[in-house]
1. From largest accessible area down, sort D142, D101; use a 1.4 Å probe on the protein chains.
2. Under the rule that an exposed site lies in a DSSP loop and has at most 12 other Cβ atoms within 10 Å, name the longest stretch of the chain with no trypsin sites (Lys or Arg not before Pro) of that kind, not counting the sites themselves.
3. Excluding ligands and nucleic acids, what accessible area in Å² is computed for L120 using a 1.4 Å probe, to the nearest 10?
4. Using θ = phi - 60° and the Karplus relation 6.51 cos²θ - 1.76 cosθ + 1.60, list the HN-Hα couplings for the range 137-153 in order, rounded to whole Hz, with x at every Gly or Pro.
5. According to a simple spin-label model (label point 7 Å from Cα along Cα-to-Cβ), what is the distance in nm between T92 and Y158?
6. How do F47, F163, F21 rank by accessible surface area computed with a 1.4 Å probe, from largest to smallest?
7. Just to confirm, what accessible area per residue do you get for the chain at 1.4 Å probe, in whole Å²?
8. Rounded to the nearest 500 deg cm²/dmol, what is the calculated helix-only ellipticity per residue at 222 nm for the chain, with -39500 (n - 2.57) per DSSP H run of length n ≥ 4?
Amino acid sequence: HRGGLPEVYRAKKDLDSAIDFFTQLIEEQPRNACAYYGLARSHIRKFQWEEAQNHARKAIELDPELTLAYHAQIFTYFSTSRNKKVLELSETLLKVANRIDDLEMSAYANMMIGTSYRQLGNYLKALQYLSVALKTAKTIGDKTREAVTLNNLANVYYSLGDFGKALP
């Protein structure tokens, strides 16, 4: 996700200090889910997928409603082409996001479920979830999510050979 200490350290080109900071914080507060999330984000920025997955998983274990930790873990699976894991975790995130009324994460989860189904060749399910993601993104005014979802919808229509619908 955007912002936060990992991004500040990244901008300063000092991700090792971010990792040191969050590691120290975890030593002092071992049940701090946000510290594990910050550590996961720092490892993501260094393309250290396994470490990021492990820390995001721990953050979720400590706080099952920390939707940003799901986002981080989904990103790592997506970045390593583990589509079935993306689908599985996105479905879990969708349940959590809906339960706590987090529309931003609901849009993201629907988009990632749709994207996973597209990559797995289930275009009808992909259209179903991507349509919900687009509607939610429009509702909350998330132009970035709207654009990414439109791109994913275009990919599905392209795969179906329906080029007229591939354009908004």
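1. Details: D142 25, D101 115 Å².
Reading off the accessible areas and sorting them downward yields D101, D142.
2. Numbers: sites that count: R2, K12, K13, R31.
The answer is 32-168.
3. 80
4. 4, 5, 4, 8, x, 8, 5, 5, 4, 4, 5, 5, 5, 4, 4, 5, 4
5. According to this spin-label approximation, the distance is 3.2 nm.
6. The most accessible residue leads, giving F47, F163, F21.
7. Values: 8930 Å² over 168 residues.
So the chain comes to 53 Å² accessible per residue, rounded to a whole number.
8. -25500 deg cm²/dmol
The values are calculated or read from the model by the stated rules, or taken from the named source; none is laboratory data. Note that this is a predicted model, so its numbers are computed, not measured. Quick reminder, even Gly has a Cβ in these numbers, built from the backbone with ideal geometry, and neighbours come from all protein chains shown. Ligands, DNA and RNA are excluded from the accessible area calculation, which covers all protein heavy atoms including side chains. Shrake-Rupley method; radii C 1.70, N 1.55, O 1.52, S 1.80 Å.
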